[in-house]
Amino acid sequence: MLRRTLAVLASLLVGAATLVAVPTEAQAAPNFKAPFPCGQRWTYSHHSAEVRRALDFVRADGGTTNNTPVLASAAGVATRYSQPSGAGNYIAIDHGGGWKTYYFHLNAYSVPSGAQVAQGQQIGLTGSTGNSSGPHIHYEQLLNGVGQNIVINGQGLAYPGSYNQYFLTSDNGCGGGGGTPFMTWGSGIRVRSDARLAAPVVATLPGPTQVFVLCQKQGDTVTAEGYTNNWWSKLRDQNGFITNIYINHPAAQLPGVPIC
Ligand SMILES: [Zn+2]
């Protein structure tokens with residue numbers, strides 16, 4: 001009887017170990033995109049007194065923040081909430097796998113509670129409802145109810161204490177043909193009309209910038225920052241080339257990017 005009891009206990013323990021192991025495996029995050037429309041450039045900041053790991057976004061491209069569409073940063077099921085003393089009108093999207101995103105202070109909702117929404121679908125209008133000092137999108141990514149450091153297109157965002165230090169250009173809802181998003185690094189990076197050092201400068205990237213690489217080709221060999229590389233990327237929005245040295249990716253030739 002004892003031997004049999006031990007055998008049963010052992011099998012229960014094995015079963016319990018298996019059951020425990022499954023939910024603790026990390027769930028891959030969705031490929032979250034910016035919560036505002038394609039091509040728009042916004043700046044963001046984090047208040048030290050803020051709930052969780054939120055970032056607040058306002059437009060930095062000359063457009064008006066108030067009533068700009070708020071977009072689902074990944075597909076999921078949307079739920080409306082209202083908290084007049086705090087988050088105001090807000091939407092939470094359940095992406096599955098324990099992942100949720102929050103969008104606070106909406107002027108209006110664009111989808112009913114329980115709606116299945118696509119990535120890039122408008123879910124509301126930016127506003128200042130609830131406890132808010134002005135129109136902005138208060139945005140959060142949560143895993144199992146715990147606020148996470150925000151990641152957009154696979155890149156972790158900074159947590160500056162004020163606006164106009166860091167910027168994010170949206171590729172959400174852009175449709176096809178938008179190029180592959182990468183971040184640049186360094187400052188004062190020159191974008192040239194061709195993959196040659198003598199080609200005219202058509203734009204300058206002041207600091208780390210989200211860019212969309214349409215294609216890449218070999219050109220002049222560049223040595224900078226301890227790297228030497230002759231691959232250059234063609235940037236969609238700047239309509240010119242930068243050396244791949246300043247694309248924030250370890251490979252000299254970027255994976256998944258076609259040859260020009
Ligand atoms: Zn906030």
Inset, instruction - Mind telling me which of the residues Q218, Q165, Q155 ends up being assigned by TED's automatic domain parsing to the domain that holds H47, polar (S, T, N, Q) and farther than 22 Å from C38 by Cβ? - result: Q165
Inset, instruction - Being modelled with pLDDT of 95 or more and among the charged types (D, E, K, R) is the filter; apply it to segment 54-71 and report the residue that is farthest from the ligand (Cβ to nearest atom). - result: R59
Legend entry - Among residues of segment 75-86, those that are farther than 12 Å from G124 by Cβ and buried (at least 21 other Cβ atoms within 10 Å of the Cβ), counted: 1
Inset, instruction - Can you tell me which residue among A115, A74 is without any contact (Cβ under 8 Å) to a residue 40 or more places away in the chain and more than 13 Å from the ligand (Cβ to nearest atom)? - result: A115
Inset, instruction - Output the residues belonging to segment 215-237 that are surrounded by fewer than 18 Cβ atoms within 10 Å (Cβ to Cβ) and out of contact with any Cys (no Cβ under 7 Å at 6 or more places or on another chain). - result: Q218, D220, T221, T223, A224, E225, G226, Y227, T228, N230
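Here's the yes/no breakdown for (1) assigned to a loop (DSSP other than H, G, I, E, B); (2) of a type outside the set (D, E); (3) under 18 Å from the mean Cα position of the chain (by Cα):
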site	(1), (2), (3)
G63	yes, yes, no
V70	no, yes, yes
S73	yes, yes, yes
A78	no, yes, no
Y90	no, yes, no
Y102	no, yes, yes
Legend entry - Unmet requirement for V111, which otherwise passes all of (1) closer than 19 Å to G173 by Cα; (2) part of a loop (DSSP other than H, G, I, E, B); (3) at pLDDT 95 or above: (3)
Inset, instruction - Give the residue, chosen from L214, L254, L235, that is in contact with a helix residue (DSSP H, G or I) (Cβ under 7 Å, 6 or more places away or on another chain) and modelled with pLDDT under 95. - result: L254
Legend entry - Conditions (1) away from the ligand (no atom under 13 Å from the Cβ); (2) modelled with pLDDT of 95 or more; (3) in a loop (DSSP other than H, G, I, E, B): number failed by G120: (2)
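The values are calculated or read from the model by the stated rules, or taken from the named source; none is laboratory data. Remember, it's a predicted structure, so these values are computed and weren't measured experimentally. Here Cβ is always computed from backbone atoms with ideal geometry, including for glycine, and neighbour counts include all displayed protein chains.
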